[in-house]
Amino acid sequence: MPRHVCFLVYSGFVLLDLSGPLEAFSNANRAHPSGYRFTVASLEGGLILTSGGLQVATEPLQVVDRVDTLIIVGAPAVPMGDLMMPMAAAIRHMSLRSRRTASVCTGAFVLAESGLLDGRVATTHWNYAPQLQARYPALRVDGDRIWTEDENVWTSAGMSAGIDMALAMIEQDLGKEVARFAARMLVVYYRRPGGQDQFSSLLDFDPGSDRIRTVLSYARDHLRDDLTVERLADVAHMSVRQFGRVFAASIGVTPAKAVERLRIEAARPLVEDGHQTFEEIARGVGFGDADHMLRCFVRVVGRTPQELRRSARQADRDGGSGRKADQ
């Protein structure tokens, strides 16, 4: 019998917080046809406006039968106002008839209002994590996590993190192969562990210069190559001296440090996945050897590749949990 997944939405919700996890579960059905069925619900039912101005048809929550998984979606701003109390009451009632309850992004505020996060570890979009902690001191917010699982209550950060959480749920329900299939169909990593930081070092690089942007794009596509400052300066059509000065002014770090961070960004999911040796990964992303990669990880990430791999394996043994291994 298919597992019933109910998405709870409200006016102004983010469409991707709904559609991302929904597509993950839907793609799982292609590999396991009896996997899931879906309902999109709101308190009153009817057409609900998204943050982008589209309308989505919903069922009244009170007519939704017993569900396997209840997921509260997020909005661009923290949910507040007259809907919070009735939604929290509805979630408390529905959770008694659900195997697990979850939130995406700022949906964690509604989930916290229901009391289901009291005494638990939770996450949300990094921008709202301090506000969530301040408003609900009975829970412990870990704003660096992509998603968390604390017994039968799950939370995730914003946007694409909802997909990561859904893939972890699919793995728990239907196994790794079905989750891998769903990830491949979505063309996303299988899968970012819940303990991975929300921030990407790539996101820190926002150059104002088109030439520097071209250099970064080139570097990402040629990580295995010897990316000397001379070579990168040639890509930028600048002298070495001018390139070094302009690059540091645009990015805030030297070209060598930027390349190092790009290589770490490429290596980290491979390290955590565990299918390649450290030597293979190091050669594949341009570190040359595992010892050099280890030193760079310790300097930039603060953890060795071995520690990251052990943490990922511990998360797998714990059922894919976003909790840290020492918790």
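The values are calculated or read from the model by the stated rules, or taken from the named source; none is laboratory data. Nothing here was measured: the structure is a model prediction, and the numbers come from that model. Here the Cβ is made from the backbone with ideal geometry for all residues, glycine too, and neighbour counts use every protein chain on show. For accessibility, only protein heavy atoms count, side chains too; no ligands or nucleic acids. Shrake-Rupley method; radii C 1.70, N 1.55, O 1.52, S 1.80 Å.
Summary table
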{"item": "Between the range 24-42 and the range 238-277, the alpha-carbon center distance in angstrom", "result": "39"}
{"item": "Relative contact order computed over the chain (Cα-Cα under 8 Å; 6+ residues apart), in percent", "result": "13"}
{"item": "Bridge type composition, the chain - antiparallel percent by DSSP, nearest 5", "result": "30"}
{"item": "For the chain, calculated [θ]222 nm from helices alone, where every DSSP H run of n ≥ 4 adds -39500 (n - 2.57)", "result": "-14000 deg cm²/dmol"}
{"item": "Highest-first arrangement of 285-292, 116-123, where packing means the average Cβ count within 10 Å", "result": "116-123, 285-292"}
{"item": "Burial ranking of peptide ranges 295-303, 107-115, 142-150, 24-32 (average Cβ count within 10 Å, highest at the top)", "result": "107-115, 142-150, 24-32, 295-303"}
{"item": "Correct choice for Rg and Dmax of the Cα atoms in Å that was computed from the model, options (1) 20.5, 63; (2) 21.8, 69; (3) 20.0, 60", "result": "(2)"}
{"item": "The chain - percent of accessible surface contributed by carbon and sulfur, probe 1.4 Å", "result": "52"}
{"item": "FRET efficiency estimate (nearest 0.05) - Cβ-Cβ, H237 to S160, R0 30 angstrom", "result": "0.30"}
{"item": "Cα-based helix-to-principal-axis angle, 15-31 vs the chain, degrees rounded to 10", "result": "90"}
{"item": "Highest to lowest packing among 154-160, 172-178, scored as the average C-beta count within 10 Å", "result": "154-160, 172-178"}
{"item": "Degrees separating the helix 240-251 axis from the principal Cα axis of the chain, which is the longest one", "result": "20"}
{"item": "Contact order normalised by residue count of the range 1-154, Cα under 8 Å, 6+ apart, percent", "result": "20"}
{"item": "Accessible-area ranking of T69, T228, largest first, probe 1.4 Å", "result": "T228, T69"}
{"item": "DSSP-defined antiparallel bridges as percent of all bridges, the range 26-145, nearest 5", "result": "35"}
{"item": "Helix 161-174 vs. the chain, principal-axis angle (Cα, 0 to 90°, nearest 10)", "result": "70"}
{"item": "Net lengthening on full extension, V229/R211 (0.36 nm per residue, minus Cα-Cα)", "result": "5.1 nm"}
{"item": "The chain, accessible area per residue, ligands and nucleic acids excluded (1.4 Å, Å²)", "result": "46"}
{"item": "Label-point separation, L47 to K257 (7 Å along Cα→Cβ), nm", "result": "5.3"}
